[in-house]
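Single-structure report; data block below.
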Amino acid sequence: TTTAKTHRIRKSASSKTGKLSFTYDGVDVLILFNENNLEVNTTSENEFCSNLYSSIMENSKDNSIESHIYQALKQLNKQDITDSREKSHLSDLIELEIPSKNGIFSDKKYNFSVLDTPGSDSADKGTDKSHFEILKTALKNQTNGLPIFVTVPESMNSAGNKEILAEMKKINLDKNNMIIIANKAELSSDEGINKLLNENDVIREWQ
């Protein structure tokens with residue numbers, strides 16, 4: 001629920017390396033994660049990069065790539081929340097390459113990407129259509145995309161979610177196999193869930 005920007009996540013070239021790239025105030029930033037090492041490269045030295053490096057090193061539980069990547073993403077998200085009061089300094093798309101030894105990312109036959117997008121702020125505000133323009137650009141070189149729509153039962157049929165799905169129809173995705181995940185469904189009664197499934201416009205419209 002706190003995804004600040006669209007993130008593209010892919011497998012790194014090695015199980016011992018990781019990479020994070022974005023722009024800040026128009027300046028390209030590249031963070032290289034290696035075993036027992038962290039390197040921040042930028043075309044222009046700035047206070048943000050220095051603070052980011054220090055924060056990653058100070059808050060990581062250990063010196064592992066996974067811990068460093070987690071802290072880097074946490075700090076970027078925190079920065080964007082602070083910036084949003086005036087203007088965001090972070091690029092709309094954040095690229096991440098992670099080490100992977102098992103699971104779908106380790107399949108050498110295919111180059112999978114996961115695109116994690118921000119959702120709608122609320123039913124009142126609806127969704128930010130710029131997110132979908134960013135998503136279209138990120139999907140440009142993909143052969144296909146499987147949409148996984150994460151929501152919560154109480155807002156599943158909200159105006160914001162309907163607007164998201166309306167925008168998704170304009171994107172080249174495999175809509176016949178869309179996966180809808182109702183997070184926190186265990187907090188609702190069986191009767192309430194059944195009512196949502198039977199009366200929900202969003203569920204009825206999407207296979």
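The values are calculated or read from the model by the stated rules, or taken from the named source; none is laboratory data. All values reported here derive from a predicted model rather than from experimental measurement. No Cβ is skipped: glycine too gets one built from the backbone with ideal geometry, and neighbour counts run over all protein chains shown. Accessible surface areas use protein heavy atoms only, side chains included; no ligands, DNA or RNA. Shrake-Rupley method; radii C 1.70, N 1.55, O 1.52, S 1.80 Å.
Summary of computed values
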{"read-out": "Per-region count, the stretch 7-65, residues touching a residue at least 24 places away in the same chain (Cβ under 8 Å) and part of a strand (DSSP E or B)", "value": "17"}
{"read-out": "Selection count where residues are modelled with pLDDT under 80, within 19 Å of L115 (Cβ to Cβ) and either open to solvent by 100 Å² or more (accessible area, probe 1.4 Å) or polar (S, T, N, Q) (or both), scope the stretch 177-207", "value": "1"}
{"read-out": "Flag if E66 is open to solvent by 40 Å² or more (accessible area, probe 1.4 Å) and either among the aromatic types (F, W, Y) or more than 22 Å from the chain's Cα centre (by Cα) (or both)", "value": "no"}
{"read-out": "Any chance I134 is at pLDDT 75 or above and more than 21 Å from L96 (Cβ to Cβ)", "value": "no"}
{"read-out": "Cβ-Cβ under 8 Å pairs, at least 6 apart or on other chains, the stretch 78-99 side among the aliphatic types (A, V, I, L, M), far side part of a loop (DSSP other than H, G, I, E, B) and at pLDDT 85 or above", "value": "I98/S12"}
{"read-out": "Checklist (1) surrounded by fewer than 17 Cβ atoms within 10 Å (Cβ to Cβ); (2) in a loop (DSSP other than H, G, I, E, B); (3) modelled with pLDDT of 75 or more applied to V150, failing item", "value": "(2)"}
{"read-out": "Counted residues, the stretch 14-23 - those being surrounded by fewer than 20 Cβ atoms within 10 Å (Cβ to Cβ), within 20 Å of the chain's Cα centre (by Cα) and either at pLDDT below 90 or small (G, A, S) (or both)", "value": "1"}
{"read-out": "Tabulated pairs, the stretch 185-203, first farther than 12 Å from V152 by Cβ and assigned to a loop (DSSP other than H, G, I, E, B), second modelled with pLDDT under 75 and of a type in the set (A, V, I, L, M, F, W, C), C-beta under 7 angstrom, 6+ apart or interchain", "value": "N200/M156"}
{"read-out": "Subset of the stretch 153-163 (residues that are open to solvent by less than 30 Å² (accessible area, probe 1.4 Å) and modelled with pLDDT of 75 or more)", "value": "P153"}
{"read-out": "Qualifying residue in the stretch 38-56 (condition: farther than 30 Å from S130 by Cα, in contact with an Asp or Glu (Cβ under 9 Å, 6 or more places away or on another chain), crowded, with 16+ Cβ neighbours inside 10 Å and of a type outside the set (K, R))", "value": "no"}
{"read-out": "Meets criteria (of a type outside the set (S, T, N, Q) and crowded, with 17+ Cβ neighbours inside 10 Å) for K11", "value": "yes"}
{"read-out": "Any chance S60 is closer than 23 Å to L135 by Cβ, open to solvent by less than 40 Å² (accessible area, probe 1.4 Å) and at pLDDT 85 or above", "value": "no"}
{"read-out": "Inter-residue pairs, beta-carbon under 6 Å, first at pLDDT 80 or above and in the stretch 104-120, second part of a strand (DSSP E or B) and surrounded by 11 or more Cβ atoms within 10 Å (Cβ to Cβ), 6+ apart", "value": "S113/R8; S113/R10; V114/I9; L115/R8; D116/H7; T117/T6"}
